[in-house]
Amino acid sequence: MSKSSQVELILAKIESAYGDDANPTAALNAIRMANVQLTPYETETASLDYKKPTFGNNQQIVVSEQMRLTGEVYIVGGGEPGAVPPWGVLMRGCGWAETVIPDTSVIYNPISKNIESLTIYVNKDGILHKGTGCRGTVTWDFTAKKVPTFSFSFTGKFNPVEDQLMPPDADFSKWIKPRAAIPTFTGLVNIFGMVTAIVRSLTGDTQTEVVKPEWVNHDEIVISDRLPTSTVEYEARPVAEFDLYKHVREQTHGEVIYTHGNEPGNIIEMAYPDAILTSAEYGDNSKILTNTATIIPLIKDGNDDMLITVS
């Protein structure tokens, strides 16, 4: 029987111990993801370099194996203030802590220790792929006239592929309607005190290093570093209003805040509480002059260089 490339279900759940299958279910752990790319079995091999009487390949031995998954989720809130957004589990697998303030907000900040891991299931029309011990990295894109996205890339431990019927009870009700990055749904924007900035886009990348160290008796996907960067493009202003070049030259510190959404339960604030600007370039938006600046978020006390607040 033919299999459809369009029938797919992704599940993700936090593991209680690294690499232990968390057994996510369609009813509780369904992930609504777009632009999915699954590498079901990625390997490294070593050649057995025997001498032989003819030309030709020697046998290969698998020395490393993993599953990889990339995809995007549309950025939405939890439906009401204090409710965990449905993509929160993916952030936790990328080295972010989740703090719930009941009836108010959910806050995400990057961490450097005790990073959680995920079990991810990908069911492709009855063919089930399981990745355990998954950890990953995330980027974000708030661009005008688009629906903002988080893009995730996960690496996990390979598990034998199985035949399993597509679960009939996938629940996506937590994935509320996303909003486009347009004036109707944009809140506060603040670039180094310039709260009147007219922004075309804010993008970012945690540049998380996800590695698999080589051990003879231990197998773990590890997050070993994080060097985040971001880019903002905004309508150019006279120097007297905002001296971008002075900020870059003097490496002054400032705050950057971008708020998407203005409906309670569907408000997402991306903040870099302390940052520097490291480049200044010109751009064009329908023949309107723009500036593009690179933002480097900095830590103060540690693990506080980026904050995502959902309210």
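Scan region 127-139 and give yes if some residue there is farther than 30 Å from Ile257 by Cβ, open to solvent by less than 10 Å² (accessible area, probe 1.4 Å) and over 19 Å from the mean Cα position of the chain (by Cα), otherwise no.
Of region 127-139, the ones farther than 30 Å from Ile257 by Cβ are 127-134.
Right, trim to open to solvent by less than 10 Å² (accessible area, probe 1.4 Å) and you get 128, 131-134.
When the remaining residues are screened for being over 19 Å from the mean Cα position of the chain (by Cα), the result is 128.
Yes, the conditions are met somewhere in region 127-139.
If you take the residues of region 264-274 that are over 19 Å from the mean Cα position of the chain (by Cα) and in contact (Cβ under 8 Å) with a residue 40 or more places away in the chain, which of them is least open to solvent (accessible area, probe 1.4 Å)? Out of the qualifying residues, it is Gly265.
Taking the criterion of being closer than 22 Å to Lys157 by Cα and either loosely packed, with under 12 Cβ neighbours inside 10 Å or among the basic types (Lys, Arg) (or both), the only residue of region 47-61 that qualifies is Ile61.
Residues checked against (1) on the phi > 0 side of the Ramachandran plot; (2) acidic (Asp, Glu); (3) at pLDDT 95 or above:
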| site | (1), (2), (3) |
| --- | --- |
| Val100 | no, no, yes |
| Ser112 | no, no, yes |
| Glu116 | no, yes, yes |
| Asp125 | yes, yes, no |
| Trp140 | no, no, yes |
| Thr143 | no, no, yes |
| Thr149 | no, no, yes |
| Asp163 | no, yes, yes |
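The listed residues are Phe185, Phe192, and the only one of them that is at positive phi, of a type outside the set (Ser, Thr, Tyr), touching a Gly at 6+ places or on another chain (Cβ under 8 Å) and modelled with pLDDT of 95 or more turns out to be Phe192. Among residues of region 181-198 that are open to solvent by 30 Å² or more (accessible area, probe 1.4 Å), those with a Cβ under 7 angstrom from a residue that is charged (D, E, K, R) and in a loop (DSSP other than H, G, I, E, B), sequence gap 6+ or separate chain, pair up as Ile182/Lys145; Phe185/Arg179.
Taking the listed residues Thr252, Thr278, Thr259, Thr290, the one that is among the polar types (S, T, N, Q) and closer than 25 Å to Ile75 by Cα is Thr259, with no other qualifying. Note on region 293-311: residues that are part of a strand (DSSP E or B) and either touching a Lys or Arg at 6+ places or on another chain (Cβ under 8 Å) or closer than 22 Å to Val76 by Cα (or both) amount to 4.
The values are calculated or read from the model by the stated rules, or taken from the named source; none is laboratory data. In this text, all values refer to a predicted model and were calculated from it rather than measured experimentally. Cβ coordinates were reconstructed from backbone atoms using ideal geometry, including for glycine residues, and neighbour counts include every protein chain displayed. Ligands, DNA and RNA are stripped out before the accessible areas are found, and what is left, the full protein with its side chains, is counted by its heavy atoms. Shrake-Rupley method; radii C 1.70, N 1.55, O 1.52, S 1.80 Å.
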